[in-house]
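Q: Handing you a structure now.
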Number of protein chains: 2
Amino acid sequence: MNLIGRSIIGYQRGAEQQETLQGVDPSTGLKLGPAYSSASDEEVGRAVELARRAYGSYSRASGRQKADFLRAIAANLEGRADDLAERGCQETGLPDGRIQMETGRTCGQLRLFAELVEEGSWVDARIDRADPDRTPLPKPDVRSMMRPLGPVAVFCASNFPIAFSVAGGDTASALAAGNPVVVNAHFAHPGTAELAGTAIRQAAEECGLAEGVFSLLFGSGLRVGRKLVSHPHIRAVGFTGSRKGGRALMDLAASRPEPIPVFAEMSSINPIFLLPGALSRRTDQIAQGLYGSVTLGVGQFCTKPGLVVLNKGPLGDEFARQLAGQMGAAPAATMLHQGIHQAYRRGVQGRSRNQSLELLAQSASDLEDPACQAGAALFRAEAAAFLKDSSLADEVFGPSTLLVQTGDRNEMLKIASAMEGQLTATLHGTEEDLKECSDLVQILERKVGRLIFNGFPTGVEVCPAMVHSGPYPATSDGRSTSVGSRAIARFCRPVCYQDFPSSSLPPELQDGNPLGIRRLVDGQLARG
Amino acid sequence: MNLIGRSIIGYQRGAEQQETLQGVDPSTGLKLGPAYSSASDEEVGRAVELARRAYGSYSRASGRQKADFLRAIAANLEGRADDLAERGCQETGLPDGRIQMETGRTCGQLRLFAELVEEGSWVDARIDRADPDRTPLPKPDVRSMMRPLGPVAVFCASNFPIAFSVAGGDTASALAAGNPVVVNAHFAHPGTAELAGTAIRQAAEECGLAEGVFSLLFGSGLRVGRKLVSHPHIRAVGFTGSRKGGRALMDLAASRPEPIPVFAEMSSINPIFLLPGALSRRTDQIAQGLYGSVTLGVGQFCTKPGLVVLNKGPLGDEFARQLAGQMGAAPAATMLHQGIHQAYRRGVQGRSRNQSLELLAQSASDLEDPACQAGAALFRAEAAAFLKDSSLADEVFGPSTLLVQTGDRNEMLKIASAMEGQLTATLHGTEEDLKECSDLVQILERKVGRLIFNGFPTGVEVCPAMVHSGPYPATSDGRSTSVGSRAIARFCRPVCYQDFPSSSLPPELQDGNPLGIRRLVDGQLARG
């Protein structure tokens, strides 16, 4: 390690600056060396200018070249897996196995995008051939395909130091589309960011790519991120974090002289609806599964279920009793950083004082402990009280959830209807329950990105069909996703060529289909 | 005609209101009957509430049902083609043939979307099947497809009273995706809007659709549109118009408690670059074509070429001389309305007084005439002067264009680099020119939605490959298009179903593919 960590600006390192930040071991509260220099405004500008220049060649890199780059990043991350796990654990309090799993997932995601761009059909090539004899006007030859937007700013998430950070889904999809990326490291895990950033920088050099295809900026406060999003050459933003932070970036991007798209994944309480048949058969299994999902990663998942809606009655009471037993015995664990720990404390304390709520269980943890230890907490409310107090639908980030007991089916529908946009909603029950609750499903379809049946929302599969998105405030724009191969669509736009000679077209649109990709030719799919 | 025209709110008519607006024949300045009542705030709310309710059933309508609706709209428009032409001509000053052509184009567009949704593959259905034996964790069954966003607000354009208005591309694509639509009529052609709106309303009734799938609101000022875009149940906005108007809607939508996406098509000067080989062979042809493109529809096209970049020298001078001859002899014609006519006057007067510009030609027209008559105007500037004065790159909406003469190739690149986002850019020359100017093409690819070779940008083909979009300020979000079948992507979002039983899935995602659509199954395209 260096004495002073510095930003990665293209193939160079930034300068030492007076303003620094430092990782902190949340389990001890002790600072971790080295200190990292916050990028100066000039360094932010340099990284973006390098990205702008790199865009010239990188936006035209072949699918094969981009796939090689993405695979080289994965290989370099794997080569540093132990370092990443060691440093990641120190900076986040997460266990070794979790960080190793995240690295594996991240590499899998990079390779998914490598396959996508190597295969090449993702560009949605369309060809409508000319008809010079058409009357009253001849028909021109019109061809179009997706092309990259330009330099993308990526903000790292606190809760996934690998998979939603420097080399995570935003970076992978932006690079796959052909965009240079400038990453703003999360202040809580600069060392992990540096390791991942070095893996990408090295991959870029190994692949002989233009300097600036990737940069990593450290920043102790909001200045670096704001400067980045305001920079005229940044063309899009990817962000995973709090609603407040995401909305601030959305507002900043929307108020630029040239507004740019922001994909911000923000807050979600991921409601779970227990339909009648669920508790009559699987009380133990659901309570066990829910406990696991709420406490996984110390409840610090954007898909953590923060609301469980179930009917009143003996079955519901038995379920609450079982869940309370598990939640009350949950071992205290280390949260990611002091800010998150304090927010969790405030959230739990606020709910404990709320007269509408009953505290069913709280596991031991010294909430005054500077070491970010947190226990689990389980609350219960009546549906009417929940519907009256909109703060109860706010996200409490951490190992806590809220049972809301309904008197009838109508109350369940009311709760669903009153909900804000969510990443997920889950239904538990029999197949007959699901059919009978088609009205509930219809409401939820309008509110969420992903509906789950008889499962739990944590654990987001990386696959072509995945949707990790949802209407605001779950994300800034529910029309895309930050996980799965559709994520690439956030960072590209269609460009059309009219009456161009074949040899001056990008290969994807040339006569004879030299790349052999799937294309829509005169309205018909063709590979020829 | 009624004595007082009123908004169409679902299957009802709005009330008579004190606030009214009236069409004006721009060729005479005389008001056209009847007066139209501006929708009250309560009526705006009622139209949106009906749309929200209609969304429940219409969002689940089959592709076939939606196709029937779109085709019924087309048939009803065709049944009113003569009325539309008569009223459209009165309200816009455009000739009969133009309005008839627009109606034909609009019906073709409705049928394009009917085919798209009837075929069904547009939903991008994806299925990743479960693998219960996968280690360390079983793989869930994950399926996703595009679903409609919810009620869409559509703003009519002044310059295309049929094709970009009540039944235009925004409405067609939003309805095709399964969204109810609330249209804000353009103040300058309320009678045309009423005819088209009645055609849609009637089609909705014929097809037995829920009331509220379509409404048409009249408004004399900004109040109705603002109320509409601010309404919490409106989920997206489509707009074609001025940069000022579009940006105001973007800002309003971005500042909502729940921001919503806006697709605004705004301003563009559609530069044309004449490469060396163009003028040596086709001076007459290009001058003639450019004259036609600049003066088509009295220059009131969003794709009108407002900038022509060419080299200095005898060939360029001869081209300028020929074009000036035609522009100077252009017959005066009626502009759409007084506001546009006044803005054009101000634009031409401002350029006439600009010391950096030379007025090469101006055709006769009494610019003081209240009857909105406008003549053509041709200006010339040196490249250096153009680069110094950014106002020269502003859009002047009307039959005027600006020749910018460059001393060398480098100046041409500088002009391209300095350009804002555009809908189109056009290159004229030989195929060799195009190859030699690959650097220019690369710059333009980043700036525009559509590149044209040896043609003219006016006349936007409605086809699957068309892109009518471009980086800001050409549009609010260059990642989509308002013409062509990709336009549907603006108004839908992916929804994912995890481990759902097949019978509770939408048909598009069910086992056995009952609709026979194209789907991505485990990463492979399949129709089975």
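Q: What about B:VAL298, is it under 28 Å from B:VAL224 (Cβ atoms) and buried (at least 19 other Cβ atoms within 10 Å of the Cβ)?
A: Spelling it out, B:VAL298 is indeed under 28 Å from B:VAL224 (Cβ atoms) and buried (at least 19 other Cβ atoms within 10 Å of the Cβ).
Q: Step by step: first the residues of region A:296-322, then only those that are assigned to a helix (DSSP H, G or I) and touching a strand residue (DSSP E or B) at 6+ places or on another chain (Cβ under 6 Å), then the one that is nearest to A:ALA416 (Cα to Cα). Which residue is that?
A: Of everything passing the filter in region A:296-322, A:GLY316 is nearest to A:ALA416 (Cα to Cα).
Q: From the set of residues in region B:228-250 that are assigned to a loop (DSSP other than H, G, I, E, B) and over 20 Å from the mean Cα position of the chain (by Cα), which is surrounded by the most Cβ atoms within 10 Å (Cβ to Cβ)?
A: Top of the filtered list is B:HIS231.
Q: Another question, then. Looking at A:GLU19, A:GLU78, A:GLU43, A:GLU49, can you tell me which residue is acidic (Asp, Glu) and without any contact (Cβ under 8 Å) to a residue 60 or more places away in the chain? Can you show your working first?
A: Values: A:GLU19 fails: without any contact (Cβ under 8 Å) to a residue 60 or more places away in the chain; A:GLU43 fails: without any contact (Cβ under 8 Å) to a residue 60 or more places away in the chain; A:GLU49 fails: without any contact (Cβ under 8 Å) to a residue 60 or more places away in the chain.
The unique qualifying residue is A:GLU78.
Q: Can I ask one more? What's the number of the condition A:PRO473 fails, among (1) under 17 Å from the mean Cα position of the chain (by Cα); (2) more than 10 Å from chain B (Cβ to nearest Cβ)?
A: Single failed check for A:PRO473: (2).
Q: Test B:LEU520 against the criterion of being more than 7 Å from every other protein chain (Cβ to nearest Cβ), at pLDDT 95 or above and over 30 Å from B:ASP284 (Cβ atoms), and give yes or no. Don't jump to the end; show me each part of the working.
A: On the way: more than 7 Å from every other protein chain (Cβ to nearest Cβ): no; at pLDDT 95 or above: yes; over 30 Å from B:ASP284 (Cβ atoms): yes.
No; evaluated as a whole, the condition is false for this residue.
Q: Specify which of the listed residues (B:GLU420, B:GLU432, B:GLU436) is at the interface with chain A (Cβ under 9 Å from one of its Cβ atoms), surrounded by fewer than 22 Cβ atoms within 10 Å (Cβ to Cβ), out of contact with any strand residue (DSSP E or B) (no Cβ under 9 Å at 6 or more places or on another chain) and more than 30 Å from B:ALA329 (Cα to Cα).
A: It is B:GLU420.
Q: If I filter region A:277-285 for residues that are over 18 Å from the mean Cα position of the chain (by Cα) and of a type in the set (A, V, I, L, M), do I get at least one hit?
A: Yes: one or more hits.
Q: Within the group B:LEU110, B:LEU84, B:LEU116, which residue is farther than 20 Å from B:ARG486 by Cβ and at pLDDT 95 or above?
A: Within the list B:LEU110, B:LEU84, B:LEU116, the selection yields B:LEU84.
Q: Hey, another quick one. Looking at the structure I just gave you, is B:ALA416 in contact (Cβ under 8 Å) with a residue 40 or more places away in the chain, assigned to a helix (DSSP H, G or I) and under 24 Å from B:SER476 (Cα atoms)?
A: Spelling it out, B:ALA416 is indeed in contact (Cβ under 8 Å) with a residue 40 or more places away in the chain, assigned to a helix (DSSP H, G or I) and under 24 Å from B:SER476 (Cα atoms).
Q: Which residues, counting only those in region A:245-259, are touching a helix residue (DSSP H, G or I) at 6+ places or on another chain (Cβ under 9 Å) and more than 10 Å from chain B (Cβ to nearest Cβ)?
A: Hits for region A:245-259 are A:GLY245, A:ALA248, A:LEU249, A:LEU252.
Q: A follow-up question, please. What number of residues within region A:477-492 are polar (S, T, N, Q) and within 7 Å of chain B (Cβ to nearest Cβ)?
A: Count: 1.
Q: A:ALA278 passes all but one of (1) crowded, with 23+ Cβ neighbours inside 10 Å; (2) not assigned by TED's automatic domain parsing to the domain that holds A:ILE415; which number fails?
A: It is condition (2) that A:ALA278 fails.
Q: Just give me the residues in region B:493-517 being under 27 Å from B:LEU110 (Cβ atoms) and facing chain A (nearest Cβ under 7 Å), in sequence order.
A: Correct list: B:ARG493, B:PRO494, B:VAL495.
Q: Oh, and also: Give me the residue from region B:118-156 that is farther than 27 Å from B:GLY178 by Cβ and touching a Pro at 6+ places or on another chain (Cβ under 8 Å) and, out of that set, farthest from the other protein chains (Cβ to nearest Cβ). Quick ask: steps written out before the conclusion?
A: As a first pass, look at region B:118-156 and keep what is farther than 27 Å from B:GLY178 by Cβ: B:130-139.
Now narrow it down to the ones that are touching a Pro at 6+ places or on another chain (Cβ under 8 Å): B:130-132, B:138-139.
Details: B:ALA130: 10, B:ASP131: 10, B:PRO132: 12, B:PRO138: 10, B:LYS139: 7 Å.
Here the answer is B:PRO132.
Q: Okay, moving on. Would you call A:THR426 β-branched (Val, Ile, Thr), in a strand (DSSP E or B) and facing chain B (nearest Cβ under 9 Å)? Steps first, answer last, please.
A: Numbers: β-branched (Val, Ile, Thr): yes; in a strand (DSSP E or B): yes; facing chain B (nearest Cβ under 9 Å): yes.
Here the answer is yes, as A:THR426 does meet what is asked.
Q: In region A:444-464, which residues are at the interface with another protein chain (Cβ under 9 Å from one of its Cβ atoms) and more than 24 Å from A:GLY297 (Cβ to Cβ)?
A: A:GLU445, A:ARG446, A:PRO464
Q: Identify all residues within region A:251-276 that are within 30 Å of B:ALA418 (Cα to Cα), of a type outside the set (A, V, I, L, M) and more than 15 Å from the chain's Cα centre (by Cα); write none if there are none.
A: Within region A:251-276, A:ASP251, A:SER255, A:ARG256, A:PRO257, A:GLU258, A:PRO259, A:PRO261 qualify.
Q: Right, B:ARG446: assigned by TED's automatic domain parsing to the domain that holds B:ALA153, crowded, with 18+ Cβ neighbours inside 10 Å and without any contact (Cβ under 8 Å) to a residue 60 or more places away in the chain or not?
A: Working: assigned by TED's automatic domain parsing to the domain that holds B:ALA153: no; crowded, with 18+ Cβ neighbours inside 10 Å: yes; without any contact (Cβ under 8 Å) to a residue 60 or more places away in the chain: yes.
The answer is no for B:ARG446.
Q: Residue by residue through region B:111-141, note down the ones that are part of a loop (DSSP other than H, G, I, E, B) and touching a residue at least 12 places away in the same chain (Cβ under 8 Å).
A: B:GLY120, B:ASP124, B:ARG129, B:ALA130, B:PRO140, B:ASP141
Q: What single numbered condition from (1) in contact with a helix residue (DSSP H, G or I) (Cβ under 6 Å, 6 or more places away or on another chain); (2) in the same structural domain as A:GLU432 (by TED's automatic domain parsing) fails to hold for A:VAL262?
A: (2)
Q: Any chance region A:377-395 includes a residue that's assigned by TED's automatic domain parsing to the domain that holds A:PRO305, within 21 Å of A:THR458 (Cα to Cα), out of contact with any Asp or Glu (no Cβ under 9 Å at 6 or more places or on another chain) and in a loop (DSSP other than H, G, I, E, B)?
A: yes
Q: Out of all the residues in region A:465-488, which are over 14 Å from A:CYS302 (Cα atoms) and either of a type in the set (Asp, Glu) or assigned to a strand (DSSP E or B) (or both)?
A: If the condition is that a residue be over 14 Å from A:CYS302 (Cα atoms) and either of a type in the set (Asp, Glu) or assigned to a strand (DSSP E or B) (or both), then A:ASP477 is the only one that fits.
Q: Another question, then. Output yes when any residue across region B:93-109 is touching a His at 6+ places or on another chain (Cβ under 8 Å), within 13 Å of chain A (Cβ to nearest Cβ) and in contact (Cβ under 8 Å) with a residue 60 or more places away in the chain, and no when none is.
A: Looking through region B:93-109, none of the residues is touching a His at 6+ places or on another chain (Cβ under 8 Å), within 13 Å of chain A (Cβ to nearest Cβ) and in contact (Cβ under 8 Å) with a residue 60 or more places away in the chain.
The values are calculated or read from the model by the stated rules, or taken from the named source; none is laboratory data. In this text, all values refer to a predicted model and were calculated from it rather than measured experimentally. Positions of Cβ are generated from backbone atoms using ideal geometry, with glycine treated the same way; all protein chains shown enter the neighbour counts.
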